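Input: a single structure, listed below in structure tokens.
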Amino acid sequence: MIKRTVVVWCKYVFLCSILFSATLIHAQGPLKALIIDGENNHGFWPMTTMMIKDYLEQTGMFTVDINRTAFTWQGGAYDKSIGLDDITVLLDKYPLEGHSDTKPVKEPKPDPNFAPNFSAYDVVISNLGWKASTWKDDVRAALESYVENGGGFIIVHAANNSFGDWLEYNRMIGVGGWGGRAKDYGYYAYYDTDGKMVRDDTEGSCGSHGPQSEFLITSRAPDHPIMRGLPRQWMHTKDELYERLRGPAESMTILATAFSDASLNDPSSKKLGRTGRHEPMLMALEYGKGRVFHTALGHMDYSMECVGFIITLQRAAEWVATGKVTQALPSDFPTKTQISKRDWKGRVN
């Protein structure tokens, strides 16, 4: 009887601590988030930035600002089947107040005045991508100091293509692809078919993906605050499955993976094929006192409409900012056999 009473009491204390944490967050006022964007080979970024902003605001925990480079670059990595011949129209469809003086350019161009005040925020989210311009040394140092001293940082999809020559950025994000990263740089990090975590220093290409598809996500860290309560496996909507990401892979926990099925490879093709590995899709890292969340998901707007993407992003934002997750799991979370999408209500036709 005493043992049972102790168990019940412990559960009560645990629930009270969660409720107290959530109440404390709201009592202290909303958390402050900053999205940085302006240069991304994924030309849909004017829209996906607004999706990310909306998703964080939906939690009721965040106010969200956006800091955009003065020279905006939209690459060609988008699906023309959706009916857009000129991707720059998205800058008008999804305008950013206070940034009317931005100028679209055909190739990335450094903005000498780009200097976000990172320290004013609880979390910074990068929606930059491949070929993002090199930052000034003092701006790089400001981000490093911000995260090292406890700031939260999130990178989304192609943000792991950015800044291949910036050592500390690569330490923050763990692994990355493309962006000039060398074939012998750091480690590949993945799970093998026996379910074992591997750090592989084999020389090879840095970054690849096959055709977009729906694929199964497998949780690898069910006790991590971001993943706690999520199903062990769930289906993700149409997206790119990033492979061959490599980097320092320090202080990094792979939260979830997706299998790159080598049986789909065309033996006659000279292109890089699938790897036969369980590739990292969601990662949590520590950098000094700061927490970092790295999602390799989110190639297109429809990829970001997956409930799995939305929920892991929302929970991750709370975790990098506070070290806790108080958000409950919604009833429409995808299952092992069924995708689940939420049509974004901010879409402009």
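The value obtained for the stretch 245-293, namely the Cα convex hull volume divided by the number of residues, is 75 Å³ per residue. Estimated at 0.36 nm per residue, the fully extended path between Ser145 and Thr63 surpasses their Cα-Cα distance by 27.3 nm. With the simple spin-label model, which puts each label point 7 Å out from Cα in the Cβ direction, the Gln28 to Glu250 separation comes to 2.7 nm.
Across q = 0.26 Å⁻¹, the stretch 164-234 modelled as identical point scatterers on its alpha-carbon atoms has Debye log10 I(q)/I(0) values of -1.18, in the order of the q list.
Net charge in the neighbourhood of Gln338 (other residues with Cβ under 13 Å of its Cβ; Lys, Arg +1, Asp, Glu -1) is 0. Suppose R0 equals 41 Å; then what is the FRET efficiency for Arg342 and Glu203 from their Cβ-Cβ distance, rounded to the nearest 0.05? The computed FRET efficiency comes out at 0.45. Residues whose amide H lies under 5 Å from that of Ser251, counting only those 5 or more places away or on a different chain, are absent; hydrogens are built 1.01 Å from N in the peptide plane.
Extension gain, Asp165-Gln212: 0.36 nm per intervening residue step, less the Cα-Cα distance, totals 14.1 nm.
When the Gaussian network model of the chain links Cα atoms closer than 10 Å, the mean-square fluctuations of Val156, Val307, Val198 top out at Val198. Can you give the FRET efficiency to the nearest 0.05 for Arg232 and Ala120, using r as the Cβ-Cβ distance and R₀ = 41 Å? It comes to 0.60. Residues whose amide H falls under 5 Å from that of Asp239, counting only those 5 or more places apart or on a different chain, are Ser213, Glu214, with hydrogens built in the peptide plane. If a/c stays under 1.5 just call it rounded; otherwise compare a/b with b/c (prolate if a/b is bigger, oblate if not). Do that for the chain, with a ≥ b ≥ c from the square roots of the Cα gyration tensor eigenvalues. Here the chain falls in the rounded category. Along the stretch 226-240 the Karplus relation, 6.51 cos²θ - 1.76 cosθ + 1.60 evaluated at θ = phi - 60°, assigns HN-Hα couplings of 5, 9, 4, x, 6, x, 5, 9, 8, 7, 9, 5, 3, 6, 8 Hz to successive residues, with x for each Gly and Pro. Shown in residue order for the stretch 161-172 are the 3J(HN,Hα) couplings computed by the Karplus curve 6.51 cos²θ - 1.76 cosθ + 1.60 at θ = phi - 60°: 8, 6, 6, x, 9, 9, 4, 5, 4, 5, 5, 5 Hz (x for Gly and Pro). Working note: Karplus 6.51/-1.76/1.60 with θ = phi - 60° gives the stretch 274-286 the couplings 4, 9, x, 10, 8, 7, x, 10, 10, 9, 10, 9, 10 Hz, where Gly and Pro are set to x.
Between Asn40, Asn127, Asn113, the GNM of the chain built on Cα springs shorter than 10 angstrom shows Asn113 fluctuating the most. Put simply, the amide H of Tyr287, placed in the peptide plane, has neighbours under 5 Å in Val292, leaving out anything fewer than 5 places away on its chain. Highest mobility in the GNM of the chain, judged by mean-square fluctuation with C-alpha springs under 10 Å and restricted to Pro95, Pro211, Pro231, is found for Pro211. Can you check what the net charge comes to around Tyr94, using other residues whose Cβ is under 13 Å from the Cβ of Tyr94 (Lys, Arg +1; Asp, Glu -1)? With Lys, Arg at +1 and Asp, Glu at -1, the net is -1. What net charge is computed for the residues neighbouring Arg244, neighbours being all others with C-beta under 12 Å from the C-beta of Arg244, Lys and Arg scored +1, Asp and Glu -1? Once positives and negatives cancel, what remains is +1. Modelled spin-label separation between Asp192 and Val105, with each label point placed 7 Å from Cα along the Cα-to-Cβ direction: 4.6 nm. Across the stretch 194-349, how large is the tail of the calculated P(r) beyond 20 Å, expressed as a percent of all Cα pairs? So the portion of pairs separated by more than 20 Å is 52 percent.
Quick note: the coordinates plus some simple rules give every number you see, no bench work behind them. The structure displayed is predicted, hence computed values, not measured ones. Every residue, glycine as well, gets a Cβ built from its backbone with ideal geometry; the counts of neighbours run over all protein chains shown.
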